[in-house]
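The values are calculated or read from the model by the stated rules, or taken from the named source; none is laboratory data. All figures in this text were calculated on a predicted structure; none of them were measured in a lab. Please note: Cβ atoms are built from the backbone with ideal geometry, for glycine as well, and neighbour counts cover all protein chains shown. SASA here: full protein model, heavy atoms, side chains in, ligands and nucleic acids out. Shrake-Rupley method; radii C 1.70, N 1.55, O 1.52, S 1.80 Å.
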Amino acid sequence: MVTLRRIPINHSSENKKFTIAFSGGYSNDKNQLPSTDLTQYINLPPNLLLRDQSGNLVFQEAGVSYATVNNIVNPLALLEQTSTAITKNLYSNLQLNYNILPQLSAKISLSYNDYLTDEVSLIPQTSIDPYIASYTPASSSFANTDLNSWLIEPQLNYTKTICKGTLSVLLGATLENKNSKSTVIQATNYSNDLLLNNPAAAGLVTADIEQTTYHYEAIFGRLNYNWQGKYILDGTFRRDGSSRFGPNNQFANFGALGTGWIFSDEQFIRQNISSLSFGKLRASYGITGNDQIGDYNYLSLYQNSPNTYQGSPTLLPAKLYNPDFHWQTNKKLEIGLELGWLKDQIFFSASWYQERSSNQLINYPLPRETGFSSVVENLPALVQNTGLELVLTTKNVNKKSFKWTTSFNATIPSNKLLSFPGLSSSSYKDEYVVGQPLSVIYGYKYLGVNPQTGIYSFQDVNQDGKLNTADYQVLGNLSPKYYGGILNSITFHQFQMDFLFEFKKQEGKNYLAQLFNSFPGTVANQPTIVLNRWQQPGDVANIQQFTAGNNQAAIIAANTELNVSNGIYGDASYIRLKNVALSYHLPEALVKRLGLASGKIYINAQNLLTITKYAGLDPETQNFYVLPPLRTISAGFQFSF
Amino acid sequence: MKKMTNLHNHKYITAICLLFLAFLHFSCKKFVDVGAPLSEVESSKVFANDQATLSAALGVYANMGLSNLYIYSGGATLYPGLSADELTYTSSNTELLSFQHNAIIANNGTGIYSRLWVPAYSNIYNANAILEGLISSSGLSDTLKSQIKGEMLVVRSLNYFYLINLFGDVPLELTTNYQVNSTMARTPTDKIYTQLIADLKTASLLLNSNYPSSVNTRPNKWTAMALLARIYLYQKDWTDAVATSSAVINSSQYNLESNLGNVFLEGSAETIWQLANDYHNTGEASAFVPYSSSSTPSYTINSYLLSAFEPGDQRMINWLGKNTVNGVTYYYPYKYQNRSYSPITEFEVMFRLAEQYLIRAEAEAQLGDLNSAAADLNIIRNRAGLPNTTAAAQSTLLTAIASERQVELFCEWGHRWLDLKRTGQANAVLGLEKAPYWNPTVILYPIPLSELQLNPNLVQNPGY
């Protein structure tokens, strides 16, 4: 990977009224990682024959083809299916600033960004199981995507002193354009693996071009009054427009009001609590908007299907459309306290927020009998997010040749569905509960493996002998209770070491959640915990009995009921040494001699250590069949001129 | 001097602010109107253009033939074939075994949900979208409008036919309005059949007897009537069944292939509608034909089906394949034979003439017209190299016709499963053959569990 980053060029005119600043960068990245996550094959039989004596890939054993046995694949064959992606990213920003008058300045910021991806995926004949080769021949695909965007932001700034305080007025606008275009060529039915890189050699070539445009514009104004640097009053107003909404719904108005009080500057604080170097109390209330859903969801569109019928081109409906969805509005109240002691050697901040949204933009899930699986809608529910965020930074040692800073941060979030009229007749009737978080665990209460029957058992709340949604209970919450990190930075002469511990307390999917992705008896390996399964009446076990496939009660318990119970959830809390960075800064003398502005050599490590009680692959990904965050070590150097 | 500068400044400031606001105002509304993406077409434009409307109709057919073992790529043959007494699965996939053991659970993800339910309703949506587009269109030629409307009515009716015969009552959706469809309750099958009969009658009037393209890869008048005849038979409307199947037979556009090996080929004279595919041969061939002569077929012909063939039946030679592995002989369905990627020589035969003869024979026998019934039956028997039937009385004739259906229409569109159910014989026949798995509630597949969770007005079938 090659990166040239942030080349800033500054210039100002002689009278300093006009300044130009330009910064830009370019990066080029080549990614050849395998396109399939091989972790999903973790349970293949350990003695599965993968290569024969001559070293060729094998796809059958004793006349039984792997593809016919529970879709076993040869994972080495998947490694022969290559995917090479070259990404080029250009970003640039130009700022022009003109001081028209001492109190009035005009500024315009222009940005341009271009992100190009070129991806070639090859599936050679040698990597395809001959059993399915007859309808899945060798193929390749060539995808070119171009995402470019430009942003224009003019601003006018005016300051005036009024009654010993400063009034700043800001008037601004934003114009944004994002274009994406992708061209995909799929070529299939190659007779020779050597020719996979050229679609001309393929028996069948299809091409598809997709294009989307997104426009966003806004005007905004801000008034800020600062009295003697102690009392601050702030108000903003904005009007946003987005192309993602249908006519009549494109524009919405938002605004916010905030106040602050730097009480550490008050006389009585200065005199009585001299150790307090900084103290600020702030509060704000604002309404912001969100348009982060896909484009064109309000239009009824047909798309070109890549499949022809008897050689003729075909069209298919693109998706369900909804002309009525509109801007999501979030109303947020926030109160914060910032304190600094001993000339800010100890710095503490706490903020509490409460955010409510009554029209979240979501992909509302639909039953497939509607023809599709979802449609974009504003959720007719009132959702609330509250939380407490704490930050504590201490400069423990601050000498010339030895510095040590610790920074601690934690978030305690909480989510609640305040109201949802019509919940019981919506798609969410079995998922959400009013008064509970959206991430509530709502289902059967898991009672363990019944020692007499050997089957997973659940609580029949209404004692009617049937297990159905009437027996659902609120059993837990999948959102973290709290999370955060501790960062320590130590500098000793030219050396610097940073290490970050991350912690999270949460419930997550446990080892039972994917245990029966491959039922026992199928040709798949099982984890050793199944050796302790229930085998006869009286056994107390964590895994239910194995059956020959005719025990409907056992099958339904393991396949259906367990997945809507809290039996598949457990403690997934962890403390992780997320990041360790060790660097050596080149000494001043050497830097000057080489003509550099600065230089450093570094070595970084990620995910070195995880402390957790979680039994499974990883408490973050919570899935046996997905690659967890890897331990990564990288090294490099950085010079600036 | 100072005052003047202040005034000057004020004017300056005001002028700049006004210019600024003017700039914003004029860029406002138009900027956020981006229209449709270049790679897609607005529906109103599609249905104002003949060629585009035709492309949309062809899209329905291309979509029907996609993906291995979906309903029209072998799914409607495989799953009911396992549920009845036609196929035995020789490997270990639990979902497939659950069909064979009549022990399907509502949470069955691949078979019930993604290969049967979802594609059927996806096709229904596509057809409804076109039917609605035709109503509100302007600028389309009348001949094209009638043609496409007739074709989409046939497609929609076919999909509902399979849904009700596999799942029972299902929501009857005749529009694309998702707000109505997402909370629709299950409609009784009788009401759906009434709709299908009305739709197919309309279609047979709108469609011509010749095909819009030169090959029979799109429905024509006789396709609509072939499905209508089948529905009359299922609804026990014998008179209409005789009349409608006669119309197809007497159209003289179709002839039974004398060579059984040609019946399922692309140029067969017997097919009334075949679903073309530009990308692969049939799903049945990929699933049933083993990839080498020394490998065990995944699905073998059930012993009950094997013993239903009379000695000398040519269909045993032409339509059954045979592999001997380690001294054991396995038979597999061999109606569709080409499992290679190309060339494409076989399309899915959606309707063929032989079924019309059998429909007419059964309806005539039910009406007491035993001579005609025997004559029709013998046409099918003779083609298969068998002598005329010896059955003479109504009950023995009906039994003979049922047996003939079993060996003529085996492993084809789930006919055996549907026949046993519509004649009320499923419990008697399969209850014995499939003991101890069988119980009377398994004649209907469960409504997919995820659908029940998302639609509060859907109720599950009994026994699940």
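Worth a mention:
- Each peptide in A:491-499, A:350-358 was scored by the mean count of other Cβ atoms within 10 Å over its residues; highest first, the order is A:350-358, A:491-499.
- Under 29 Å from the Cα of A:Lys399 - lysines, other chains or at least 8 residues apart: A:Lys280, A:Lys343, A:Lys578, A:Lys592, A:Lys600
- For A:Lys429, the lysines whose Cα comes closer than 17 Å to its Cα, not counting residues fewer than 8 places off in the same chain, are A:Lys416.
- Within the range A:133-147: backbone nitrogen closer than 17 Å to the A:Ala201 label point (7 Å, Cα to C-beta): A:137-142
- What chain A shows is 52 Å² of accessible area per residue, with the surface traced by a 1.4 Å probe over protein heavy atoms.
- Sulfur and carbon atoms: percent of accessible area, the protein assembly as shown [1.4 Å]: 56
- Spin-label model distance (nm) - A:Val397 vs B:Thr441, 7 Å beyond Cα toward Cβ: 7.3
- A:Ser439/A:Asn253 FRET efficiency (R0 22 Å; Cβ-Cβ; nearest 0.05): 0.10
- Normalised per residue, the accessible area of chain B is 38 Å², obtained with a 1.4 Å probe and no contribution from ligands, DNA or RNA.
- With respect to chain B, whose longest principal axis is taken over its alpha-carbon atoms, helix B:221-234 is tilted by about 60°.
- Members of the range A:307-321 that become less accessible by 40 Å² or more once partner protein chains are added (1.4 angstrom probe, chain alone as reference): A:Asn307, A:Thr308, A:Tyr309, A:Gln310, A:Leu315, A:Leu316, A:Pro317, A:Leu320
- Peptides B:235-241, A:541-547 ranked from most to least packed give A:541-547, B:235-241, packing being the mean of other C-beta atoms within 10 angstrom over each peptide's residues.
- If you plug the beta carbon distance of A:Phe22 and A:Gln211 into 1/(1 + (r/R0)^6) with R0 = 30 Å, you get a FRET efficiency near 0.50.
- Cβ-Cβ FRET estimate between A:Lys164 and A:Ile273, R0 fixed at 35 Å, reported to 0.05: 0.90
- Between A:Glu588 and A:Leu418, the contour length at 0.36 nm per residue exceeds the alpha carbon distance by 55.2 nm.
- Counts of other chain beta carbons within 10 angstrom of each beta carbon in peptide A:422-428 average 3.
- Along the range B:360-366 the Karplus relation, 6.51 cos²θ - 1.76 cosθ + 1.60 evaluated at θ = phi - 60°, assigns HN-Hα couplings of 5, 4, 5, 5, 5, 4, 5 Hz to successive residues, with x for each Gly and Pro.
- Projecting label points 7 angstrom from Cα along Cα→Cβ for B:Lys236 and B:Ser307 puts them 3.0 nm apart.
- With both labels modelled 7 Å from their Cα along Cα-to-Cβ, the A:Gln292 to B:Lys201 distance reads 5.6 nm.
- Association of chains B and A removes close to 7600 square angstrom of accessible area from solvent, both sides included, for a probe radius of 1.4 Å.
- The stretch between A:Val530 and A:Leu447 holds 28.0 nm of extra length on full extension. This uses 0.36 nm per residue minus the Cα-Cα distance.
- Taking a ≥ b ≥ c as the square roots of the Cα gyration tensor eigenvalues, the range A:231-386 comes out prolate, since a/c reaches at least 1.5 and a/b is larger than b/c.
- Karplus-derived 3J(HN,Hα) values for the range A:34-45, using 6.51 cos²θ - 1.76 cosθ + 1.60 with θ = phi - 60°, are x, 7, 9, 7, 6, 4, 5, 9, 4, 9, 5, x Hz; glycine and proline are entered as x.
- Peptides B:413-426, A:469-482 ordered by average Cβ neighbours within 10 Å, highest first: B:413-426, A:469-482
- Per residue of peptide B:46-58, the mean number of Cβ atoms on other chains within 10 Å of the residue Cβ is 4.
- 10 Å Cβ neighbours from other chains, averaged over peptide B:94-100: 3
- Chain A, helix-only ellipticity at 222 nm - DSSP H runs n ≥ 4, -39,500 (n - 2.57), divided by all residues, nearest 500: -1000 deg cm²/dmol
- Along the range B:343-350 the Karplus relation, 6.51 cos²θ - 1.76 cosθ + 1.60 evaluated at θ = phi - 60°, assigns HN-Hα couplings of x, 8, 10, 10, 10, 5, 8, 6 Hz to successive residues, with x for each Gly and Pro.
- Of the Cα atoms belonging to the range A:148-230, the radius of gyration and Dmax stand at 27.4, 84 Å.
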